[in-house]
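The values are calculated or read from the model by the stated rules, or taken from the named source; none is laboratory data. Just so you know, these numbers come straight off a predicted model, no measurement behind them. Cβ atoms come from the backbone with ideal geometry, glycine included; neighbour counts cover every protein chain shown. Heavy atoms of the whole protein, side chains included, go into the accessibility calculation; ligands, DNA and RNA do not. Shrake-Rupley method; radii C 1.70, N 1.55, O 1.52, S 1.80 Å.
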Amino acid sequence: MSKLSTYNTQIVFDELLQHITQTRTKVFAQINTVLIDLYWEIGKTISEKVKSEAWGKGVVAELAKYIAQNAPDIKGFNDKNLWRMKQFYETYQDDEKLAALRRELSWTHNKIIFGRCKTPQEREFYLQAALTEKLSSRELERQIDASLFERSMLAPKLSPLARELHPVIDQAFKDNYVLEFLGLPLEHSEGDLQKALVSHIKAFILELGKDFIFMSDNYRLQVGNQDFYIDLLFYHRGLSALVAFELKIGKFVPEHIGQLNFYLEALDRDVKKVHENPSIGVLLCRDKDDEVVEYALSRNLSPTLIAQYQLQLPDKKLLQAKLHQLLAQEF
């Protein structure tokens, strides 16, 4: 067989394999949708029977037993799951938008969301997050534990130019990042923090958002006859921009911005490609005074933001109290 013939055969093989994998994905998605619709209908029937005919735990237990006896090969229909199906239906029955979204996720994802989220807004947030970020059930649990919904409502602290150059930048960054997965002690160095983030880069990108692509740690910039090093360098696909992270283990001080601005200037002059947007700088610090941050950023001429990190899962009640306080100030 000639090289050309081998090459053409390989192309056909690749096309067929791609067709197989795409079809399998479609089939699995259809199976999932059919199952979710089945659980919905079962939940609806049980809900209506409970209301109209006073079905209780005994009747539902009998139903579970009946299914097990007459179709022993069918799993997942014990009385506990049947009650979950009822809860599933009653959670979404009056919300057409959320009812449509739930069909796109697995039963495991749905159980996590309707079982743990208390409001329609929170449920919609995690439904969308699970879909757009393609979160596994474990990753979804972790984001709920880390109060992603509440944290996403706290706007990141951005310079005016950052908003001007990147109108949707609010959607790409957070005011607070939870890094409990690092396992660092409360007392640690910037080097410890950097090494831990690189060692747990997959988990860190999940916390940042999956549009981030890790490029390098200690990224070298040569300006004049001197070398400078950015702690962590990423690329954000949605914003089409380089993102430089500088790590500070102490409280934010305005002097930190000067170093970050210098790095952004060097990136834009010497690294950024013509088709890319201006580089973004993130100062990730252990603590910050929001008023000091506001003053420091108000006249800053680079697209920068100041964010805070914490090494333990946040207290949801404290976050909710902070949100209520901020909303009260706005009105």
Dipole moment magnitude, nearest 20 debye, region 86-206 about Cα centre, only Lys, Arg, Asp, Glu C-beta charged: 320 debye
Helix 107-116 axis, angle to the chain major axis (alpha carbon atoms, nearest 10°): 80 degrees
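For the chain, give me the percentage of DSSP beta bridges that are antiparallel, rounded to the nearest 5 percent. Write down the numbers at each step before the final one.
Values: 17 of 32 bridges.
Here the antiparallel bridges make up roughly 55 percent for the chain.
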Using alpha-carbon coordinates, inclination of helix 3-53 to the longest axis of the chain, degrees: 60 degrees
With Cα atoms, 0 to 90° folded angle of helix 316-330 axis to the chain main axis: 70 degrees
Part-to-part distance (alpha-carbon centres) for region 15-34 and region 118-188, which is given in Å: 31 Å
Alpha-carbon Rg with Dmax, taken over region 17-148, Å: 16.3, 54
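Can you compute the charge dipole magnitude of the chain about its Cα centre, using +1 on each Lys and Arg Cβ and -1 on each Asp and Glu Cβ, nothing else charged? Give it in debye, rounded to the nearest 20.
Values: 42 positive and 46 negative charges, 218 e Å.
Value, rounded to 20: 1040 debye.
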Qualifying GluC sites (Glu not before Pro) in region 147-202, DSSP loop, other Cβ atoms within 10 Å at most 15: E187
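Among the listed pairs K111/K288; K248/K317; K80/K118; K157/K273; K97/K288, which are separated by more than 30 Å between their Cα atoms? Mind dumping the intermediate values first?
Working: K111/K288 37 Å; K248/K317 27 Å; K80/K118 20 Å; K157/K273 27 Å; K97/K288 38 Å.
Pairs exceeding the cut-off: K111/K288; K97/K288.
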Extension gain, T9 back to R24 (0.36 nm per residue minus Cα-Cα distance, nm): 3.1 nm
Accessible area of region 162-296 belonging to carbon and sulfur atoms, whole % at 1.4 Å probe: 48 percent
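Give me the 1.4 Å probe accessible area per residue for region 13-98, excluding ligands and nucleic acids, in Å². Walk me through the numbers before you get to the answer.
Details: 6100 Å² over 86 residues.
I get 71 Å² per residue for this part.
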